[in-house]
Amino acid sequence: MSSSRGGVTASAPASRHAINFSWLVTLRWGALAGQLVTIVAVDGLMGIHLPLTPLACVLALGAASNAACIVWRRRVAVQEWMLAAVMLFDVVWLTAVLYLTGGPFNPFSFLYLVNIALAAVILPPVWTWLLVGFSVACFGGLFFAHVPLPIDHSMGHDDHPISMHVQGMWVAFGVAATFTVYFIQRVTRALARQDAELAEARAAAARHEKLASLATLAAGAAHELATPLSTIAVVAKELEGQLADQPAIGDARLIRHQVERCREILAQMSTDAGESAGEPLTTISLAALLDAALVDLPASRLRRALTPDALASLLVVPPRAVSQALRGVVKNALQASAPDGEVVVAASLEEGRWRIQVRDRGPGMTPEVLARAGEPFFTTKNDDGRDRGMGLGLFLARAVAERLGGDLAIESAAGRGTDVALTLPADGLRRFAAGDVLLPEAARR
């Protein structure tokens, strides 16, 4: 997963440029439409006859360039210089339109500022200042060369030339402000969504790295502790024989039994760490999956809320990993509930995704605890002085769900219980990688 995380980080600038380029193309279509409407209105309604043929050629060139941008974006990865090149072309294109429509006396020369504002948002300072200098040069050149507006004096325009210009500036200001705000807000929202996705991807990668570390730790612990536990077992057995007629023999037997229990757990950890790494996908019914997850748990405290159709449904999953993930969630719910409290296990198919819920009516979680729920080695179950967990159940369940293309959601409030929902895609479980490492149930004891 570390390589994936690096890939996410490395691709972030490229994705950001692609988003900017996409919205720039959209904005250019809007600018073309606006220019076309303005030309038609000025020529047809205001009696100011414009050179329509050259203007049509300029607009056609702008449309062709935008179509080329769409093809370009699909074929190559968008880079920073591509954004700058398109925006520099837009300055040339706007200058050509202004040249044919009055030059610096056209109130729509205000639109130069739109490009500059957008450049300040999506381009680095070097490109932005280059665009500023180029725009100033193009605008200044219009003072020396442009086609004057052919005003029809019969329309009375010569009586109010300043009034016409000010009104045009007002319209140009509205257009420029609208385009600028619309584009910047859309780009900002798109980039915010991308940043959130990148943050989640990095968090998922970090969780998977921790999971792999835990599996390695489990295998290493099983290997390193095997020898001293074997020594303790031998000594305890000899001590038991020497204390055959003494009252302390019970303590010696307890030591030997507990050592044997430790050896069994470590042996299971070592075996599972190797088997779970390459667990294959298997077709299994939901009922069988739940049976495997709930085996040896108190059936009197568990209530299954499943429809007959759900029970008969088939899933393609790594069954051992998923059943252990569910088992960890159910055990958490049982331990959080009162001794006679009921835990509900429900399942439903919603929009192509299986949603398996585990609900308890225990004390629930405070917002502070809920914010940390799912972190490795974070647990509140030992606050009463009894060692009942390592704080890995929710962490492992979330890791398994994410590897299968799903997720784990936790809803809880103090005094109102907890609802944990494990979501799995109904037809997308082939995303599970056979090389992923899943920590076994024994490691959570």
- Item | Nitroxide proxy distance, nm - points 7 Å out along Cα→Cβ at Asp245 and Leu36 | 11.1
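Neighbouring Cβ atoms within 10 Å as the yardstick, rank Ser412, Ser285 fewest first. Provide the component values of the computation, followed by the final result.
Details: Ser412 20, Ser285 14.
Least to most surrounded, the residues fall as Ser285, Ser412.
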- Item | region 100-134 versus region 46-94: alpha-carbon centroid distance in Å | 14
- Compute the distance in nm between two label points, each set 7 Å from the Cα along the Cα-to-Cβ direction, one at Ala77 and one at Ala192. 2.8
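What ranking of Lys331, Lys237 emerges when the number of other C-beta atoms within 10 Å of each C-beta is taken as an exposure proxy, fewest first?
Numbers: Lys331 21, Lys237 15.
With the fewest neighbours first, Lys331, Lys237 line up as Lys237, Lys331.
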- Take Thr366, Thr53 and order them by how many other Cβ atoms sit within 10 Å, fewest up front. Thr53, Thr366
- Note on the structure: For the pair Arg202 and Glu350, the simple spin-label estimate (label points 7 Å beyond Cα toward Cβ) gives in nm 3.0
- Task: Enumerate the calculated ³J(HN,Hα) couplings along region 93-103 in order (Karplus 6.51 cos²θ - 1.76 cosθ + 1.60, θ = phi - 60°), each rounded to whole Hz, writing x wherever the residue is Gly or Pro.
- Result: 5, 5, 4, 5, 5, 5, 4, 7, 10, x, x
- Message: So if each residue of separation counts as 0.36 nm, and I subtract the Cα-Cα distance between Glu411 and Leu281, what length gain in nm does that give?
- Response: 43.8 nm
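R0 = 60 Å: FRET efficiency of Leu113 with Ala299, Cβ-based, nearest 0.05?
Numbers: r = 72 Å, r/R0 = 1.21.
Calculated value: 0.25.
Throughout, read-outs are computed from the coordinates displayed, never taken from laboratory work. As the structure is a computational prediction, the values presented were derived from the model and not from experiment. A quick note on method: Cβ atoms are made from the backbone with ideal geometry, for glycine too, and the neighbour counts reach across all protein chains shown.
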